[in-house]
Amino acid sequence: GAFSWDVARRAVSRADVVVAVGYDFAELPAEYWNRDCKRLVVHIDRIAAEIDKYYPVRYEVVGNINRTLQFMLNFSVDEPEAKRLRRLKEIEEFKRDFLDQLYPTEETRLLKPSDIVKVLNEVLSDETVVTVDVGDHKVWMSRCLVRRKPRKYLVSNGLSAMGFSLPAAISAKTIFRDSPVLCTRDHEETQTGYTNYNLR
């Protein structure tokens, strides 16, 4: 949750343990969501964790992320049925609040970026490669766009390289020749001027 007090951040604030999968400080410093240092961390990534005061890693699994998660699915946690149902209900409430936050139901509301991304979710095929530039729209695309296959969503996170989406789209089309490619931009013509020139 990169906004001031959105649903995702509220959920983290109520957690005792955070399972961080592929987490990098460049994305969002741990100080932002664990300022009080009350949450223990389970770090799962292909590289070792960077540990600091706000990222107190209790357990760490370094290796192939997909295989790690598949392995974890083979295990179950024993807990009272009433507690499990209460936890599942809470998760469903968070999901509902999250969707309500992105897609308000008031008829008089103005058009939001999430409405546009919602349409993209309806019309884009699973084979479509989407490249996203840096800007406010990157936040909306990353939060709302649904991609069900790997290497179908290309975005410059962390360092946030402006002008990324056009060269990424050209590269994606070179590699995935049979896949449609959608390039979203945010007025980065000056960053990709030479790319446009070479493309012509």
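Each value in this text was obtained by applying a stated rule to the coordinates, not by laboratory testing. On a predicted model such as this, the values are computed, not experimentally measured, just so you know. Cβ placement follows ideal geometry from the backbone for every residue including glycine, while neighbour counts extend to all protein chains displayed.
How do 184, 174, 131 rank when sorted from fewest to most other Cβ atoms within 10 Å of their own Cβ?
Ordered by Cβ neighbours within 10 Å, fewest first: 174, 184, 131.
Among 75, 98, rank each residue by its count of other Cβ atoms within 10 Å, from fewest to most, as a rough exposure measure.
75, 98
Taking residue 118 as the anchor, which lysines have their alpha carbon closer than 26 Å to its alpha carbon, excluding any fewer than eight residues away along the same chain?
Filter leaves 89, 95, 138, 149, 152, 173.
Pop out the ³J(HN,Hα) list for the stretch 17-22 in order, Karplus 6.51 cos²θ - 1.76 cosθ + 1.60 with θ = phi - 60°, rounded to Hz; leave Gly and Pro as x.
Ordered by residue, 3J(HN,Hα) equals 10, 10, 8, 9, 10, x Hz.
Looking at the stretch 18-91, which trypsin sites (Lys or Arg not before Pro) are in a loop (DSSP not H, G, I, E or B) and have at most 16 other Cβ atoms within 10 Å?
35, 38, 46, 53
Placing unit charges on C-beta atoms (Lys and Arg positive, Asp and Glu negative, everything else neutral), compute the dipole magnitude of the stretch 7-78 about its Cα centre in debye, rounded to 20.
Using Cβ point charges on Lys, Arg, Asp and Glu, the stretch 7-78 gives about 240 debye.
Amide H to amide H under 5 Å from residue 153: which residues, 5+ apart in sequence or cross-chain, H placed 1.01 Å off N in plane?
Under 5 Å from the amide H of residue 153: 130.
How would you rank 132, 7, going from fewest to most other Cβ atoms within 10 Å of each one's own Cβ?
7, 132
Ignoring the sites themselves, what is the longest stretch of the chain with no GluC sites (Glu not before Pro) in a DSSP loop and at most 16 other beta-carbon atoms within 10 Å?
Longest stretch, sites excluded: 128-188.
Can you list residues whose amide H is under 5 Å from residue 19's amide H, if they're 5+ apart or on another chain and H is modeled 1.01 Å from N?
Under 5 Å from the amide H of residue 19 lie the amide H atoms of 42, each far enough along the sequence or on another chain.
Please determine, in degrees from 0 to 90 and to the nearest 10, the orientation of helix 165-175 with respect to the longest principal axis defined by the Cα atoms of the chain, where the helix direction is its Cα long axis.
The angle comes out at about 90 degrees.
Once log10 I(q)/I(0) by the Debye sum over Cα atoms at q = 0.11, 0.17, 0.18 Å⁻¹ is worked out from the coordinates, which option in [x] -0.51, -1.16, -1.28; [y] -0.59, -1.10, -1.18; [z] -0.69, -1.41, -1.47 does it equal?
[z]
Excluding residue 47 itself, what net charge comes from residues whose Cβ is under 13 Å from its Cβ, given Lys and Arg +1 and Asp and Glu -1?
-3
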